[in-house]
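Just so it is clear, none of the values below were taken in a lab; they were calculated from the coordinates. Note that the structure is predicted; figures quoted are calculated from it, not measured. Here the Cβ positions follow ideal geometry from the backbone for every residue, glycine too, while neighbour counts run over all protein chains shown.
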Amino acid sequence: MLRPRFVFSVLVLLHAQAACFSAPVSFTKDLAPILADKCVTCHEEKKAKGRYRVDTFELVGRAGSSDDPALTPGKPDASTLYTRLVSHDEDERMPQKDDPLPPAQIALFKKWIEEGGKFDGPDPKTPLAELLSTTKKETPSTPEKYPRPVPVTALAFAPDGQSFFSSGYHEVLEWNVNDGALRRRIASAPERVLALAVQREGDLLAVAGGAPGRSGEVMVISRSTGKLIQRLPNAKDTILAAAFSPDGSLLAVGGADNLVRVFRASDWKLAWKAEAHADWITYLAISPDGQLLVSTSRDRTARIFTAAKGEPGITFTNHGSAVTCAAWDPNGKILYTSAADGEVRRWPWESEVDGSGRATDLLLKGGRQEVTRIAMAGPRLITASADGRIRAYSITKKEEPPQPGKKPDEKDKGNIADKDKAKDKKEEKKKSADSLQVDIKELPAFDRRVDALAVDGASTRVILAGQEGKLRLIELPDNKVTLERTAAPGW
């Protein structure tokens, strides 16, 4: 005999299910997230298996290579969008090489088609990633106390240098510089926060990240109130890099979709975008004068663009592995880049003779340990590595003695042809590393990989963190640790 409590529970469940299905199925709220999560990877512009795409609503209804209708409004059994979901043939069922969709999700597709397969968004041609960015979604609540420390993947100083921000679980954490106290928790952040950018002349904090393989998100938040100011259109994959221009008028973002996108902070309209690389974009940095943007990539290159319009400049090609980070010197005349093989290179890019992107000084030879992050702290270059080592480079030019038989102030008599001069300049450039005086100091190291590094505006403090989940603040130039704590609430 069934107990009354059990019968009541079943009736409540059935009533809830009936209520759930009484409302029309929404393509934007109910189906688009499923398509973005399970289908877009194999059915989008660059990789359209079976010549079928689902990256916009307009394309969802088009037939693929089979010519069978993907969507026949009112008839699920005549729509391959549905029949492929319920097929028992492993070669036909979608998604392939993955578990079938849960019955509840399949039921949503069936009901939506029965209801006419209607679109409830603004524009059928809108990419799913952008469509999802306009749809309010529930964000998991953050625990009052983290059960364990989590890796830190992004850091940024506040402009006044009195606090700094770190990545958390679906949130951004603000910490006091002097005592390490947790000032504030900014919730509703992306699943993974992978980049933070602070507007120096203004109140904005850009929070970038997303869900790997599914979507990239960028949220612009007011630092003073913690409230959301703008949610930028989603990308097709995770956003890994973000940078404000020095005057705060531009915000550049890039990531695993290989695109650089630059937005105007005045109206959050897209200023320009470019498929800048053949692989993931790992870092972005805008020059001190705000004129140039450099992007680094897993395709082993670093590229320069004009920040305002995206006009391409030099592509640096000397690295033999993924380029992980970049930093401009305070004058914007020198660019530093790091790589996955441990190399650190110095690019006097304005001295390029032929624009080949190969005139470079090798500061640190490649090894087994990736250099994950670099940043300028005044005249010093700070580097962090996968083995936890932190280094500070002081780089100056050696004083060259006068050449034998030639007075220091003797001028060129013009007896060398222009082409010979250019050749000599190239050779001189290749030897320029020998003319550098490089002083390297080891800073207090971590036990594990370091993934995040930030320098304050005065170049007197550097904050670092990584896989250990610990924050470490180092005072410069004394290289003294003044703060160390776990980057997790409740610890």
Most packed first (mean Cβ within 10 Å per residue), the peptides 191-199, 331-339 order as 191-199, 331-339
For region 173-178, in residue order, the Karplus 3J(HN,Hα) values (coefficients 6.51, -1.76, 1.60; θ = phi - 60°; whole Hz; Gly and Pro = x) are 10, 10, 10, 7, 5, 6
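Determine, from the Cβ-Cβ distance of residue 394 and residue 125 and an R0 of 51 Å, the FRET efficiency 1/(1 + (r/R0)^6), rounded to the nearest 0.05. Don't skip to the answer; put the middle values down first.
Values: r = 54 Å, r/R0 = 1.06.
So, using R0 = 51 Å, E works out to roughly 0.40.
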Between the alpha carbon centres of region 278-301 and region 232-255 the gap in Å comes to 11
A correct Stokes-Einstein calculation for region 20-133, using the alpha-carbon Kirkwood radius, 4 °C and 1.567 mPa s, returns a whole-number D in µm² s⁻¹ of 92
If amide H atoms are modeled at 1.01 Å from N in the peptide plane, then the residues at a separation of 5 or more from residue 272, or on another chain, having amide H under 5 Å from its own are 262
Once the dipole of region 274-386 is set up from charges on Cβ (+1 Lys and Arg, -1 Asp and Glu), the residue from the list 313, 335, 291 lying farthest towards its positive end is 335
Farthest towards the positive end of the dipole of region 172-257, among 198, 212, 254 and with Cβ unit charges of +1 on Lys and Arg and -1 on Asp and Glu, lies the Cα of 212
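Would you work out the charge dipole size for region 20-133 about its Cα centre, treating the Cβ of every Lys and Arg as +1 and the Cβ of every Asp and Glu as -1, and quote it to the nearest 20 debye?
Values: 16 positive and 20 negative charges, 22 e Å.
My answer is approximately 100 debye.
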For region 373-386, Karplus-derived ³J(HN,Hα) couplings (6.51, -1.76, 1.60; θ = phi - 60°; whole Hz; x for glycine and proline) come out as 9, 9, 7, 8, 10, x, x, 9, 9, 9, 10, 10, 10, 5
Counting sequence-distant residues (5 or more places) and residues on other chains, those with an amide H built under 5 Å from that of residue 177 are 163, 164
Treating only Lys and Arg (+1) and Asp and Glu (-1) as charged, each at its beta carbon, one finds that region 71-207 has a dipole about its Cα centre, in Debye to the nearest 20, of 200
Listed by chain and number, the residues whose amide H is under 5 Å from that of residue 250, excluding neighbours fewer than 5 places away on the same chain and using placed H, are 245, 265
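Just order 209-217, 146-154, 158-166 by mean Cβ neighbour count inside 10 Å, highest at the front, would you?
Averaged packing, sorted descending, gives the order 209-217, 158-166, 146-154.
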Computed about the Cα centre, the charge dipole of region 164-234 from +1 Lys/Arg and -1 Asp/Glu charges at the Cβ has a magnitude in debye, to the nearest 20, of 120
Quick calc, residue 439 & residue 278: beta-carbon distance into FRET formula, R0 41 Å, rounding 0.05, result 0.65
